[in-house]
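Quick notes on the structure that follows.
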Amino acid sequence: TFSQVSKDLERHKGDQMAQKSQAAQMMQDMERIQTEQKRMESQESELSWNLDGLRADLSDLKSRGLNEMRQALDSLGRLQEEVGKLWIELRASNGSVCDTCPEAWIYFQKKCYYFGEGAKKWIQARYACEDLDGRLVSIHSPEEQDFLTKRANWRGSWIGLRDLDIEGEFIWMDNQPLDYSNWQPGEPNDGGQGENCVMMLGSGKWNDAFCGSDLHGWVCDRLATC
């Protein structure tokens, strides 16, 4: 009947209104979720940025700590060497003969020298000298160079000069300044794969070379004792 149809129509309209209201509520909920998601993404990005910053700060602190430790060790090494030199001079002034070297080392002007043989890269030669309680040789005069030239390996030898930290700034293993040099003409040229370690040619002249090259000779030095 008409009354029943009218009731059904009203109920249908009510259901439509309820569905619209429900849909509107779902849209609001979805927008709220999207807003919350964006906020969380922003927060996550900020946290990630802060974490990266903390990692960078930690790395910087570690690096500075290692640099300061290395500088302190270098300073201690220089101080120990100066004390050793003063002690030898004091003993010599009191009449002691300070020209004693370990077996297989050769004495010359207050220092002992070891002429190593066997293929080694620069870093291996450095450690080989340290194992012998010496270090790769530092050269400070023409007289010392002449002494080395007469005895060093004719195929070339590693010496204790390198510019590993700052390109072009060569530093001796004894941390003394480059007060004497004997470069081959045209050297150092930092050629090839990058040449940051120094070798002494058979002629005695110096050449910057690739640190990973195998040389058959390497020369160590240390202070003579009394």
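Taken together, the values in this text are just the output of simple stated rules run on the coordinates, not laboratory data. The structure presented is a predicted model; accordingly, all values stated were derived computationally and were not measured. For neighbour counting, all protein chains shown are included, and Cβ atoms are generated from backbone atoms with ideal geometry for every residue, glycine included.
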With Cα atoms, 0 to 90° folded angle of helix 2-93 axis to the chain main axis: 10 degrees
Sorted by Cβ density within 10 Å, fewest first, the residues 132, 148, 66: 66, 132, 148
Antiparallel %, DSSP beta bridges [both residues in the chain], to 5: 90 percent
Helix 142-151 vs. the chain, principal-axis angle (Cα, 0 to 90°, nearest 10): 90 degrees
Tail beyond 20 Å, pair distance distribution of region 1-69 (Cα, percent): 66 percent
For the chain, cysteines whose Cβ has no other cysteine Cβ within reach (under 4.7 Å): none
DSSP-assigned coil residues among GluC sites (Glu not before Pro) in region 71-168, each with at most 15 further Cβ atoms within 10 Å: 103, 167
Correct option for Kirkwood radius over Cα pairs in Å [calculated from the coordinates] among [x] 17.6; [y] 18.7; [z] 23.3: [z]
Sequence-distant lysines (8 or more away, or on other chains) whose Cα lies within less than 24 Å of residue 7: 20
Listed residue pairs exceeding 24 Å between alpha carbons, taken from 120/205; 111/205; 62/121; 121/205: 62/121
Rg/Rg_ref, region 125-184, where Rg_ref = 2.2 N^0.38 Å and atoms are Cα: 1.14
For region 77-176, the spread of Cα positions along each principal axis, largest first, Å: 43, 29, 28
Linear extension gain, residue 41 paired with residue 107, 0.36 nm per residue minus alpha-carbon span: 16.6 nm
